[in-house]
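Note sheet for the following structure.
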Amino acid sequence: MADKAIKSTRSWSGVVIGLLLGLVGLFLGGGGAWLLSLGGSAYYLIAGLGCLLSAYYYFKGRQKAAVFTYLAVFVGTCIWAVGEVGTEFWLLVPRVVGPAVFAALVVVHHAFTSSASRTRGWVLTGVAVAGLVALYVSMTGLPATTGGSKTGALAKVAD
């Protein structure tokens with residue numbers, strides 16, 4: 001029985017994204033291992049390893065695997081963030097915005113470099129930009145708190 005060949009499409013832009021994800025992965029993975037040794041969350045180590053795996057796939061030219069791996073890291077990040085701080089908007093922002101920008105980058109890159117039409121790439125780019133603009137507008141248009149009781153550090157910021 002013949003094995004199916006894995007499609008490899010290596011591009012300079014994929015290598016650049018792989019390099020960025022690799023640096024993020026080293027930073028998160030190294031810091032996460034140290035944090036875990038101190039009894040902290042395993043999230044950072046897992047996210048760092050996921051970013052490194054995605055970077056590896058980009059370097060090997062396995063773009064689809066790289067995109068899905070990073071999107072799995074992003075979904076895991078969103079789940080972890082809500083589990084850690086709940087649905088408090090301002091507490092979610094520093095945990096989710098950076099990974100969301102990377103997610104938009106890998107999706108748009110995939111749309112333009114895959115065998116699909118350029119029209120799809122521009123549509124996905126428009127959706128990604130609109131999503132990031134909506135996030136920015138919602139961040140700047142919201143009050144300092146989203147309601148509820150003011151306790152701890154949030155009370156000091158609000159007062």
Carbon and sulfur %, accessible surface of segment 1-96 computed with the full protein complex present, 1.4 Å: 72 percent
Calculate the spin-label point distance for VAL82 paired with ALA42, positioning each point 7 Å from the Cα along the beta-carbon direction, and give it in nanometres. 2.1 nm
Taking a point 7 angstrom from the Cα of LEU35 along the C-beta vector, which residues in segment 75-111 have backbone N less than 15 Å away? 76-86, 92-99
Accessible area of THR87 in the full protein assembly, 1.4 Å probe (Å², nearest 10): 120 Å²
Ratio Rg/Rh [Cα only; Rh per Kirkwood] for segment 45-94: 1.11
Compute and list, largest first, the equivalent-ellipsoid semi-axes of segment 25-128 from the alpha carbon gyration tensor, each √(5λ) rounded to a whole angstrom. 28, 18, 8
Per-residue HN-Hα couplings for segment 61-67, Karplus 6.51 cos²θ - 1.76 cosθ + 1.60 at θ = phi - 60°, whole Hz, x for Gly and Pro? x, 9, 4, 4, 5, 4, 5
Label LEU105 and PHE89 with points 7 Å out from Cα along Cα→Cβ: what is the distance between them in nm? 2.6 nm
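The values are calculated or read from the model by the stated rules, or taken from the named source; none is laboratory data. Since this is a predicted model, take the numbers as computed values, not measurements. Neighbour counts run over all protein chains shown; Cβ positions are idealised from the backbone, glycine included. Surface accessibility is based on the protein's heavy atoms, side chains included, excluding ligands, DNA and RNA. Shrake-Rupley method; radii C 1.70, N 1.55, O 1.52, S 1.80 Å.
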